[in-house]
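Everything on this sheet refers to the single structure shown next.
The values are calculated or read from the model by the stated rules, or taken from the named source; none is laboratory data. Note that the structure is a prediction, hence the values are computed from the model and not measured. Because the Cβ atoms are built from the backbone with ideal geometry, glycine has one as well, and the counts that use them run over all protein chains shown. Accessible surface areas use protein heavy atoms only, side chains included; no ligands, DNA or RNA. Shrake-Rupley method; radii C 1.70, N 1.55, O 1.52, S 1.80 Å.
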Amino acid sequence: MESETRNPVLEALITVARGVAQTFGPSCEVVVHDLSRPKTSVIAVFNDTVTGRKVGEGIRDLVWKVLRSPDFNEDMLVNYRTITPEGKVVKSTTIVIRDSERDVVGAVCINFDLSTFVTAKRFFEDFTRLNDLAPPSDKVVEVANADVLDILGHLISKTIEESAKSVEQMTKEDKMQVVGYLDEKGVFLIRGAVDWVASRLGVSRYTVYSYLEMARAARGMKRGGDREAAEPYEV
């Protein structure tokens, strides 16, 4: 399933994604993202029965797992493990795509369902050897990788742009929604993220902390739990 896009780089990527999915069959899901619109980034999905991604959905684990991993290198993280809600063991690769000017434009995610292979693991040991992701999901980390910082800055800027208002026109509620969305995606588990977001929203870092408190409280009330309250702030 796919939607239209005017970006020629992403148009070509969609064609490649279709070919990869058809080559490796229904156990291989390929997802194409347009990272100029993080909240609705999925523009094409082939073999969507692996993780169930749909066109029009937003980024999921790009920040939480991929960019925070020490194994993310040269704009890609290969062969990492994902477990679906149904318990499927999935071998995943995420590749960030740049244009000729080295600007971030998209990403492609390849998700291969290993369920049938895991049952015959001793015959496919090399194929099913997976690397656990680090660091732990609740730990703030220092990132020195320039490409990661570039991608994070892009995602923060584009998330703000998606509000359809200039920063000067945004209300307190608008800015809190932006902060809450970025928090859900794990942005504030990267050291320095509070200052980046504060700078782009034209507020102090203390105001960002305040928005975080309110956004997490609102999520906790909506979900009837306190998971967010237990998660750390970036410092």
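Looking only at region 63-86, which residues are in contact with a helix residue (DSSP H, G or I) (Cβ under 9 Å, 6 or more places away or on another chain) and at positive phi?
Glu74, Asp75
Quick one: in region 60-73, of everything that is open to solvent by 10 Å² or more (accessible area, probe 1.4 Å) and outside any loop (DSSP other than H, G, I, E, B), which residue is farthest from Tyr181 (Cα to Cα)?
This residue is Asn73.
Hey, can you tell me all the residues within region 184-231 that are part of a loop (DSSP other than H, G, I, E, B) and at pLDDT below 90?
Narrowing region 184-231 to residues part of a loop (DSSP other than H, G, I, E, B): 185-186, 191-192, 202-204, 224-226, 231.
Within region 184-231, Lys185, Gly186, Arg191, Gly192, Gly224, Gly225, Asp226, Glu231 meet the criteria.
How about region 74-97: which of its residues are polar (S, T, N, Q) and in a loop (DSSP other than H, G, I, E, B)? Step through it out loud before you land on a result.
Filtering region 74-97 down to residues polar (S, T, N, Q) leaves 79, 82, 84, 92-94.
The one that is polar (S, T, N, Q) and in a loop (DSSP other than H, G, I, E, B): Thr84.
Which condition number in (1) at pLDDT 80 or above; (2) surrounded by 20 or more Cβ atoms within 10 Å (Cβ to Cβ) is the one that Glu234 fails?
Of the numbered conditions (1) at pLDDT 80 or above; (2) surrounded by 20 or more Cβ atoms within 10 Å (Cβ to Cβ), the odd one out for Glu234 is (1).
For region 97-123, which positions are of a type in the set (A, V, I, L, M, F, W, C) and out of contact with any Leu (no Cβ under 8 Å at 6 or more places or on another chain)? Working first, answer last.
Going through region 97-123, the residues of a type in the set (A, V, I, L, M, F, W, C) turn out to be 97, 104-105, 107-110, 112, 114, 117-118, 120, 123.
Residues satisfying the conditions are Cys109, Ile110, Phe112, Leu114, Phe117, Val118, Ala120, Phe123.
Return the pairs, sorted by first residue and then second, in which the second residue is open to solvent by 30 Å² or more (accessible area, probe 1.4 Å) and in a loop (DSSP other than H, G, I, E, B), the first residue lies in region 194-209 and is among the aromatic types (Phe, Trp, Tyr), the beta carbons are less than 8 Å apart, and the residues are 6+ apart or on different chains.
Listed by first residue and then by second, the contacts come to Tyr209/Tyr233.
Does any residue of region 9-23 turn out to be of a type outside the set (Gly, Ala, Ser) and touching a helix residue (DSSP H, G or I) at 6+ places or on another chain (Cβ under 7 Å)? First the steps, then the outcome.
The initial filter retains those residues of region 9-23 that are of a type outside the set (Gly, Ala, Ser), namely 9-11, 13-16, 18, 20, 22-23.
Filter once more, keeping what is touching a helix residue (DSSP H, G or I) at 6+ places or on another chain (Cβ under 7 Å): none.
No.
Rundown of residues vs (1) β-branched (Val, Ile, Thr); (2) buried (at least 16 other Cβ atoms within 10 Å of the Cβ), yes/no style:
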position	(1), (2)
Ile14	yes, yes
Gly25	no, no
Val32	yes, yes
Phe46	no, yes
Lys54	no, no
Gly58	no, yes
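Here is a list of conditions, (1) at positive phi; (2) within 14 Å of the chain's Cα centre (by Cα); (3) not hydrophobic (A, V, I, L, M, F, W, C), and Asn47 meets all of them except one; can you say which number that is?
(2)
So in region 128-183, with the set limited to residues that are assigned to a helix (DSSP H, G or I) and basic (Lys, Arg), which one is modelled with the lowest pLDDT?
We begin by selecting, within region 128-183, every residue assigned to a helix (DSSP H, G or I); these are 128, 146-161, 167-169, 172-183.
Going one step further and asking which of them are basic (Lys, Arg), we end up with 158, 172, 175.
Values: Lys158: 88, Lys172: 91, Lys175: 91.
Residue satisfying both the conditions and the ranking: Lys158.
Which residue out of Arg60, Arg53 is out of contact with any helix residue (DSSP H, G or I) (no Cβ under 8 Å at 6 or more places or on another chain), of a type in the set (Lys, Arg) and farther than 28 Å from Ala146 by Cα?
On the way: Arg60 fails: farther than 28 Å from Ala146 by Cα.
Testing whether each residue is out of contact with any helix residue (DSSP H, G or I) (no Cβ under 8 Å at 6 or more places or on another chain), of a type in the set (Lys, Arg) and farther than 28 Å from Ala146 by Cα leaves just Arg53.
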